[in-house]
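**Student:** One structure coming up, written as structure tokens, with questions to follow.
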Amino acid sequence: MSAVYQAAVKVIERDAPELLPNLTKSAGTGIGLEFRESGLNLNAKNYRRIKQGMVFNISLGLHNVQAETTSEKTKQFSLLLADTVVVTEKGNRFKKKTDKGNEILTAPCSKAVKDVAYSFNEDEEDVPVAKVESKPVDVVPTKATLRSDNQEMSKEEQRRQHQAELAS
């Protein structure tokens with residue numbers, strides 16, 4: 001998995017070495033039961049092997065990039081590009097036949113400017129928030145409540161139930 005991150009680093013080193021300090025420390029993460037599987041991070045320290053059928057959220061970003069501008073608001077910016085990829089054996093039906101086999105799930109999606117999300121903080125300025133001091137109140141407990149009384153299903157119980165549904 002570190003090879004994915006190293007490939008991104010090589011491209012930045014070759015095409016824009018001045019941006020290397022701004023590159024994010026991860027090239028994405030695997031998607032499994034959780035949206036971000038902590039053991040499947042695509043970074044320089046993860047040496048696990050990528051296998052057919054794995055799904056990844058590939059996300060590369062540049063943070064705190066200094067722009068050559070006179071405007072204070074646009075002097076510093078960040079950028080994040082992301083895509084969802086399935087590792088396949090046969091190859092990607094959306095790419096050239098010479099490319100290695102990965103299916104990019106968002107390839108058929110529109111990339112027109114009107115369909116892509118942008119976030120600009122043009123008019124926002126950091127406004128200090130005043131803290132309101134809370135005054136202690138004498139509370140008389142009316143009933144003992146135990147954690148075991150909580151009837152909501154825990155995440156672990158939900159995960160087990162979901163796995164049982166998938167197995168049947």
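The values are calculated or read from the model by the stated rules, or taken from the named source; none is laboratory data. Small disclaimer: the values here were computed from a predicted structure and weren't measured. When we count neighbours, we look across all protein chains shown, and the Cβ atoms used for this are built from the backbone with ideal geometry, even at glycine.
**Student:** State yes or no: is Ser26 modelled with pLDDT of 80 or more, crowded, with 16+ Cβ neighbours inside 10 Å, in a loop (DSSP other than H, G, I, E, B) and not acidic (Asp, Glu)?
**Tutor:** Values: modelled with pLDDT of 80 or more: yes; crowded, with 16+ Cβ neighbours inside 10 Å: yes; in a loop (DSSP other than H, G, I, E, B): yes; not acidic (Asp, Glu): yes.
Yes: the conditions hold for Ser26.
**Student:** Scan the stretch 136-154 and give yes if some residue there is modelled with pLDDT of 70 or more and within 26 Å of the chain's Cα centre (by Cα), otherwise no.
**Tutor:** Start the filter on the stretch 136-154 by keeping residues that are modelled with pLDDT of 70 or more, which leaves 154.
Filter once more, keeping what is within 26 Å of the chain's Cα centre (by Cα): 154.
Checked the stretch 136-154: at least one residue is modelled with pLDDT of 70 or more and within 26 Å of the chain's Cα centre (by Cα).
**Student:** Taking interchain pairs and intrachain pairs at least six residues apart, which have beta carbon atoms under 8 angstrom, with the first residue in the stretch 24-53 and touching a residue at least 40 places away in the same chain (Cβ under 8 Å) and at positive phi and the second part of a strand (DSSP E or B) and small (Gly, Ala, Ser)?
**Tutor:** Gly28/Ser59; Gly28/Ala82
**Student:** Run down Ser119, Ser110, Ser71 and say which single residue is closer than 26 Å to Ala16 by Cβ, among the small types (Gly, Ala, Ser) and modelled with pLDDT of 75 or more.
**Tutor:** Numbers: Ser119 fails: modelled with pLDDT of 75 or more; Ser110 fails: closer than 26 Å to Ala16 by Cβ.
None of the others qualify; the one that does is Ser71.
**Student:** In the stretch 32-42, which residues are part of a loop (DSSP other than H, G, I, E, B) and farther than 16 Å from Asp83 by Cα? Quick ask: steps written out before the conclusion?
**Tutor:** Just the residues of the stretch 32-42 that are part of a loop (DSSP other than H, G, I, E, B), to begin with: 32-36, 42.
Those that are part of a loop (DSSP other than H, G, I, E, B) and farther than 16 Å from Asp83 by Cα: Leu33, Glu34.
**Student:** Search the stretch 70-82 for residues that are closer than 18 Å to Lys25 by Cβ and touching a residue at least 12 places away in the same chain (Cβ under 8 Å) and pair each with any residue that is surrounded by 11 or more Cβ atoms within 10 Å (Cβ to Cβ) and among the β-branched types (Val, Ile, Thr) when their beta-carbon atoms are under 9 Å apart and the residues are at least 6 apart or on different chains.
**Tutor:** Qualifying pairs under 9 Å: Ser78/Val65; Leu79/Val65; Leu80/Thr24; Leu81/Ile58; Ala82/Ile58; Ala82/Thr106.
**Student:** Next question. Just need a number here: residues in the stretch 29-74 that are surrounded by 14 or more Cβ atoms within 10 Å (Cβ to Cβ), of a type outside the set (Gly, Ala, Ser) and in contact with a helix residue (DSSP H, G or I) (Cβ under 7 Å, 6 or more places away or on another chain).
**Tutor:** Qualifying residue count, the stretch 29-74: 7.
**Student:** Taking the stated definitions as given, is Tyr5 out of contact with any Gly (no Cβ under 6 Å at 6 or more places or on another chain) and assigned to a helix (DSSP H, G or I)?
**Tutor:** Values: out of contact with any Gly (no Cβ under 6 Å at 6 or more places or on another chain): yes; assigned to a helix (DSSP H, G or I): yes.
Answer is yes for this residue.
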